[in-house]
1. Does Arg176 meet the test of being surrounded by fewer than 22 Cβ atoms within 10 Å (Cβ to Cβ), over 12 Å from Thr108 (Cα atoms) and over 12 Å from the mean Cα position of the chain (by Cα)?
2. Could you check Asp174 against (1) within 30 Å of Gln307 (Cβ to Cβ); (2) in contact with a strand residue (DSSP E or B) (Cβ under 8 Å, 6 or more places away or on another chain); (3) part of a loop (DSSP other than H, G, I, E, B) and say which number it fails?
3. Need the failing condition index for Arg28 against (1) in a helix (DSSP H, G or I); (2) over 10 Å from Ala64 (Cβ atoms), just the number.
4. Filter segment 183-204 down to residues that are farther than 11 Å from Asp287 by Cα and among the polar types (S, T, N, Q) and give me whichever is surrounded by the fewest Cβ atoms within 10 Å (Cβ to Cβ).
5. Considering only residues that are charged (D, E, K, R) and more than 23 Å from the chain's Cα centre (by Cα), look in segment 41-82 and name the one that is nearest to Ala308 (Cα to Cα).
6. Specify the residue that is farthest from the chain's Cα centre (by Cα); the eligible residues are those in segment 179-192 that are assigned to a helix (DSSP H, G or I) and hydrophobic (A, V, I, L, M, F, W, C).
7. Being within 27 Å of Ala114 (Cβ to Cβ), among the hydrophobic types (A, V, I, L, M, F, W, C) and not in a helix (DSSP H, G or I) is the filter here, so list the residues in segment 270-302 that pass it.
8. Across segment 123-153, which residue is farthest from the chain's Cα centre (by Cα) among those that are of a type in the set (Ser, Thr, Tyr) and at pLDDT 95 or above?
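The values are calculated or read from the model by the stated rules, or taken from the named source; none is laboratory data. Worth saying up front: this structure is predicted, and the values here are computed from it rather than measured. In this analysis, Cβ positions are derived from the backbone assuming ideal geometry, glycine residues included, and neighbour counts consider all displayed protein chains.
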Amino acid sequence: MTVLVTGSAGHLGEGLARVLSHRGETVRGLDIQPSPFTSDVGSIIDREFVHHCMQGVSHILHAATLHKPHIATHDRRAFVETNVVGTLNLLEEAVAAGVRTFVFTSTTSVFGDALVPPDGEPAAWVTEEVTPVPKNIYGVTKLAAENLCALFHRLHSLSCIVLRTSRFFPEEDDDREKRTAFDQANAKANELTFRRVDIEDAVSAHFLAMERAKDIGFGRYIISATTPFLQEDLTELRANAPNVLSRRVPEVEEVYSRRGWRMFPSIDRVYVNSLAREELGWRPQHDFASVLKRLAAGGSLESDLAQAVGAKGYHQQTFLDGPYPVS
């Protein structure tokens, strides 16, 4: 089979292309930037270019996107063109070429304002049943692209799976307060309890989606590390997250103490991956407990694949107020 990977010079795109190539699959990498994993340099906005790239393709893993950090450097029209029109181009050409499956990399950012409960309320328990309320152009365009996938499944019987991935980037946090208050590795370890996924697990979810798409038809799934928290913890998580973490994962005390790390004082949401585990058969390997064991043994926070892909960055320029001056 031939798999078209869009965004092949980016974090996830490179991870997908790396593993597919290692497995001996034929990979066609598409990106606006040249890279060792990009065979076709061009934009998904260009319909003729997309048509050219679709020849002989049986599966599409669509990871190309303008990301949240690009809000600082790209206007809303650019987001619509890349995230919506670009996805539409791919879907239309996929149908014309007889592509069998289409996996779209979306984001938990589509949930937007639904993720932050009012002060004094419990943390949000975020499943696929939560209604998205996008709060910026990034979330709006990703949700629109998701709905295009649903439309093409309904109208053309194209097998489409939408994966709402949580954070997997290795760069610094876009929250200035968090960047200054927490060591970067400490913050990312904390996030594995409620809003982060290792790129190795994100890649495996995409492959399972590709394999299961024909049977499922259309589906949307949250892709995030399995949380150690339970619904009954939500009120306390908002008021005293360290206490809940110590109760659910007691070994955190020794590992964190040795490194001088600490848990965030409060958590406002927990991403739940139960549906992906049930329907895709996804088994993420890098949850908080397993990473804690690896750290205790002197290992790395990140998987081998995450280390191989490394940091990409999102901008050519630097900013006075940090890496991602997002409104």
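1. yes
2. (2)
3. Result: Arg28 fails condition (1) only.
4. Looking at residues that are farther than 11 Å from Asp287 by Cα and among the polar types (S, T, N, Q), I get Gln184.
5. Across segment 41-82, the extreme among qualifying residues is Asp46.
6. Checked segment 179-192; the qualifying residue farthest from the chain's Cα centre (by Cα) is Ala181.
7. If the condition is that a residue be within 27 Å of Ala114 (Cβ to Cβ), among the hydrophobic types (A, V, I, L, M, F, W, C) and not in a helix (DSSP H, G or I), then Val270, Val272, Trp282 are the ones that fit.
8. So, considering only residues that are of a type in the set (Ser, Thr, Tyr) and at pLDDT 95 or above, the one farthest from the chain's Cα centre (by Cα) is Thr131.
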